[in-house]
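Visitor: Here's a structure for you.
The values are calculated or read from the model by the stated rules, or taken from the named source; none is laboratory data. Owing to the predicted nature of the structure, the values given are computational and were not obtained by experimental measurement. Don't worry about glycine lacking a Cβ; one is built from the backbone with ideal geometry, like all the others, and counts go over all protein chains shown.
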């Protein structure tokens, strides 16, 4: 398996919640895998249709999170009310994972995040752990 990732990049979350909604520069789509929607549903006691909409053309993601006033509906001020159960796309931010081929993956970084360049260096084993987490979640999807 081939894995590419940004080298010598530092990151420390600033808890600004920019990643949780739209900004002037971009519209944020918080995509969900089927198992993530199920987990959020179990925790919140809401049906997936109450917090998301079906998504097409975004495989392997099946849903897109609803927003209110451009922010994730689970965001209150700068606090995520489903934080322990938040989707991969949220857990990985400011990094995003792309599958380039059958056995090739690449992590990219969003430079708009104010935490990029701060904190500890994100090491190869950190990216490998994120990839393993993503592959495990996608395998559960079937």
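Visitor: If the requirement is being under 25 Å from residue 6 (Cβ atoms), surrounded by 18 or more Cβ atoms within 10 Å (Cβ to Cβ), touching a strand residue (DSSP E or B) at 6+ places or on another chain (Cβ under 9 Å) and touching a residue at least 24 places away in the same chain (Cβ under 8 Å), which of these qualifies: 60, 87?
Guide: On the way: 60 fails: surrounded by 18 or more Cβ atoms within 10 Å (Cβ to Cβ).
The conditions single out 87.
Visitor: Still on this structure: Could you say whether any residue in segment 61-71 is farther than 14 Å from residue 29 by Cα and in a loop (DSSP other than H, G, I, E, B)? I'd like the intermediate steps shown before the answer.
Guide: Step one: list which residues in segment 61-71 are farther than 14 Å from residue 29 by Cα, which gives none.
No, segment 61-71 contains no residue that is farther than 14 Å from residue 29 by Cα and in a loop (DSSP other than H, G, I, E, B).
Visitor: Do we have residue 54 as under 13 Å from the mean Cα position of the chain (by Cα) and either at pLDDT below 95 or more than 18 Å from residue 136 (Cα to Cα) (or both) here?
Guide: When the stated conditions are applied, residue 54 does not pass them.
Visitor: Can you pull out the residues in segment 31-51 that are in a loop (DSSP other than H, G, I, E, B), more than 15 Å from residue 81 (Cα to Cα) and modelled with pLDDT of 95 or more? Please lay out each step first, then the result.
Guide: In the first step, residues of segment 31-51 are kept if they are in a loop (DSSP other than H, G, I, E, B); the result is 33, 45-47.
Still in the list and also more than 15 Å from residue 81 (Cα to Cα): 33, 47.
Across segment 31-51, the qualifying residue is only 47.
Visitor: Quickly run through segment 44-57 and pick out the residues that are surrounded by fewer than 17 Cβ atoms within 10 Å (Cβ to Cβ) and closer than 20 Å to residue 71 by Cα.
Guide: Within segment 44-57, 44, 46, 47, 49, 50, 53, 54, 55 qualify.
Visitor: Check segment 98-113 and report whether any residue there is touching a residue at least 24 places away in the same chain (Cβ under 8 Å), surrounded by 13 or more Cβ atoms within 10 Å (Cβ to Cβ) and over 17 Å from residue 19 (Cα atoms).
Guide: Checked against the condition, which is being touching a residue at least 24 places away in the same chain (Cβ under 8 Å), surrounded by 13 or more Cβ atoms within 10 Å (Cβ to Cβ) and over 17 Å from residue 19 (Cα atoms), segment 98-113 yields at least one hit.
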